[in-house]
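What follows is a single structure, written as structure tokens, with notes after it.
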Amino acid sequence: MELIPKLPVAEWISDATDWLTDTFEFLFDFVKNDFGDFIEFFAESLLMQIPIWLFIAVVAVLAFFVSKKRIGLPVFVIFGLWFIQNQELWEELMNTFTLVIFASLISVIIGVPFGIWMAKNKVVETLLTPVLDFMQTMPAFVYLIPAVAFFSIGMVPGVFASVIFATPPTVRFTNLGIRQVSHELIEASDAFGTTGAQKLFKVQLPMAKKTIMAGINQTVMLALSMVVIASMIGAKGLGQTVITGLQRADVGTGFVAGLGIVILAIIIDRFTQNLNTQRGDQS
């Protein structure tokens, strides 16, 4: 005999989702249609119109300068991107790159201000910490359910789910970086009569830059890790090819697409890591 009846948590969540879907239908439709059209335009009318050789050359040149004129990263970029093009997965690569770019940008735009807010307000940090824990520990597949409920299927719900999953590192690292700034520097800036904004933008953020960039790197990697999961709700890209290989038990197709994701992940990771490396750290 149950002493306490089962709480209808599932029903409450379903009702809340239905209420949100009905109440903010105008907003979700706007995001789904207009933002979705913009994503399609970015991927198909911009990236796909760039000649492949030119895209590879530009990325290789950027890699050369980002890596402080070392040739290892540019060589990997050239051979990695050439391999993806050789396997006829270029369009899928561009769609995956688009999803990662938009999800990462939105996550950073949301994450950095919230991280600053947490660093400035102890109450906000106390309230947001369990929310961030929830976002990071909830299985990523669960985020697909509200994403589909709000935005149907396609690239937009994929970006939505990726943003929820990928935002916490930027928030946490921004908070950590600002809190780690030397108290002596803060006191010195106060002694010179700086305003709160001046102290933030001229002292705290520059000193916390390395930590914040480490958080952004993790955010980008988490967004990329959602590629295959997002493809289950219609997001185009290499993840969709992986799912197709799984459904057809085609090991070769799935492996090649997965290798393409690995190549993209390594390139993005090396770019962000090198951007976060100061000249003085180079040997």
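Some points to look at:
- Gly234 long-range amide H proximity, modeled H, under 5 Å: Gly154
- Mean shadow area of segment 129-283 over all directions, Cα convex hull, nm²: 12.4 nm²
- Cα gyration tensor shape of segment 17-102, rounded if a/c is under 1.5, else prolate or oblate by comparing a/b with b/c: prolate
- Relative contact order computed over the chain (Cα-Cα under 8 Å; 6+ residues apart), in percent: 22 percent
- Computed magnitude of the charge dipole of the chain (debye, nearest 20; Cβ of K, R +1, Cβ of D, E -1): 1400 debye
- Karplus 3J(HN,Hα) series, Hz, for segment 89-105 with 6.51 cos²θ - 1.76 cosθ + 1.60 (x for Gly, Pro): 10, 5, 4, 5, 4, 5, 5, 5, 4, 4, 4, 5, 4, 5, 4, 5, 4
- Given charges at beta-carbon only (K, R positive; D, E negative), |dipole| of segment 43-179 in Debye: 740 debye
- Dipole of the chain, positive end: most advanced residue of Leu54, Ile178, Met226 [Cβ charges, Cα centre]: Ile178
- When each of Val61, Val124 is scored by the number of other beta-carbon atoms lying within 10 Å, the sequence from fewest to most is Val61, Val124.
- Only aspartates and glutamates eight or more places from Lys202 in sequence, or on another chain, were considered; those with a Cα closer than 18 Å are Glu184, Glu187, Asp190.
- At q = 0.13, 0.21, 0.26, 0.30 Å⁻¹ the log10 of I(q)/I(0) for segment 102-153 amounts to -0.43, -0.92, -1.05, -1.08, computed by Debye summation with a single uniform scatterer per C-alpha, solvent ignored.
- P(r) weight above 15 Å for segment 110-216, C-alpha pairs, percent: 67 percent
- Pairwise FRET efficiency - Met232 versus His183, Cβ, R0 = 30 Å, nearest 0.05: 0.05
- In terms of surrounding Cβ atoms within a 10 Å radius of their Cβ, Met213, Met155 rank from fewest to most as Met213, Met155.
- Alpha-carbon Rg with Dmax, taken over segment 1-50, Å: 20.2, 68
- Take the Cα of Phe41, step 7 Å toward its Cβ, do the same at Ile78, and the gap between the two points is 3.6 nm.
- The residue among Thr244, Ala214, Ile263 whose Cα reaches farthest toward the positive pole of the charge dipole of segment 192-283, with charges on the beta-carbon of Lys, Arg, Asp and Glu, is Ala214.
- Per-residue ellipticity at 222 nm computed for the chain from its helices equals -24000 deg cm²/dmol, with DSSP H segments shorter than 4 residues left out and the rest contributing -39,500 (n - 2.57).
Just so you know, all these numbers are worked out from the coordinates, no wet-lab data involved. Since this is a predicted model, take the numbers as computed values, not measurements. Neighbour counts run over all protein chains shown; Cβ positions are idealised from the backbone, glycine included.
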